[in-house]
1. Just to be sure before I move on: is residue 3 in contact (Cβ under 8 Å) with a residue 60 or more places away in the chain and assigned to a strand (DSSP E or B) in the structure I sent?
2. Among the listed residues 53, 90, which satisfies the condition of being free of Cβ contacts under 8 Å to residues at least 24 places away in the same chain and in contact with a strand residue (DSSP E or B) (Cβ under 7 Å, 6 or more places away or on another chain)?
3. Out of curiosity, is residue 134 surrounded by fewer than 16 Cβ atoms within 10 Å (Cβ to Cβ) and of a type in the set (Asp, Glu)?
4. Looking for something over 17 Å from the mean Cα position of the chain (by Cα), farther than 22 Å from residue 99 by Cα and of a type in the set (Gly, Ala, Ser) - is there at least one such residue anywhere in the stretch 54-76?
5. Would you confirm, using the coordinates I've provided, whether residue 50 is β-branched (Val, Ile, Thr), surrounded by 19 or more Cβ atoms within 10 Å (Cβ to Cβ), more than 14 Å from residue 88 (Cα to Cα) and at pLDDT 95 or above?
6. Against the definition (surrounded by fewer than 16 Cβ atoms within 10 Å (Cβ to Cβ) and either modelled with pLDDT under 95 or small (Gly, Ala, Ser) (or both)), how does residue 43 come out, yes or no?
7. Could you check the stretch 79-154 for helices (runs of 4 or more DSSP H) lying wholly inside it with 3 or more residues that are aliphatic (A, V, I, L, M) and more than 23 Å from residue 50 (Cβ to Cβ)?
8. Output yes when any residue across the stretch 123-130 is crowded, with 20+ Cβ neighbours inside 10 Å, out of contact with any Ser or Thr (no Cβ under 8 Å at 6 or more places or on another chain) and of a type in the set (Gly, Ala, Ser), and no when none is.
Amino acid sequence: MFIRKFKKEDAEIISKLIERNLMEVNIKDYPREHMIEFASYYNPETVKKTAQEGHMYVACENEKIIGCGAIKPFNSENESIIVAFFILPEYHGKGVGKSLIKELEKDEIFLRAERIQVDASLSSHIFYKKMGYEYSGGIAKSCNGENYKMEKFK
């Protein structure tokens, strides 16, 4: 496995990867109509826009894209946010997410920030906790039952 920066031609594959994750993993915790809406939001154009707003990385096995994640500025120069972080379902628990987070944490947008936020899904907050992210305000409570606001301070 290796991690590289996003290329525009990756957008279609990443859009489908996100849709698969939402419809196979996240759908266990959320209403189907919300996952369909979220998947349609992450169309190839939105993926490209997300990459332009910050830095997006893709995890690959040989030439196959198996995961993605982006870091971008958030609120101020002292804050950044991790977005569009998804791993193909069959690669969950195999270290892909951990490697991708480590790559994002070497990025200049991460390094310049004092605080990094991630809006973790109901199924992913345990992963982020293992990666050193804490629940905002120290409370492990989801926001409106939809996600967990998590953060890391440097």
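The values are calculated or read from the model by the stated rules, or taken from the named source; none is laboratory data. What you are looking at is a predicted structure, and each value in this text was computed from that prediction instead of being measured. Methodologically, a virtual Cβ is constructed for each residue, glycine included, from the backbone with ideal geometry; neighbour enumeration extends over all protein chains shown.
1. yes
2. Residue meeting the stated conditions: 53.
3. Here the answer is yes, as residue 134 does meet what is asked.
4. The answer is yes; a qualifying residue exists.
5. yes
6. no
7. Helices (runs of 4 or more DSSP H) meeting the threshold: none at all.
8. yes
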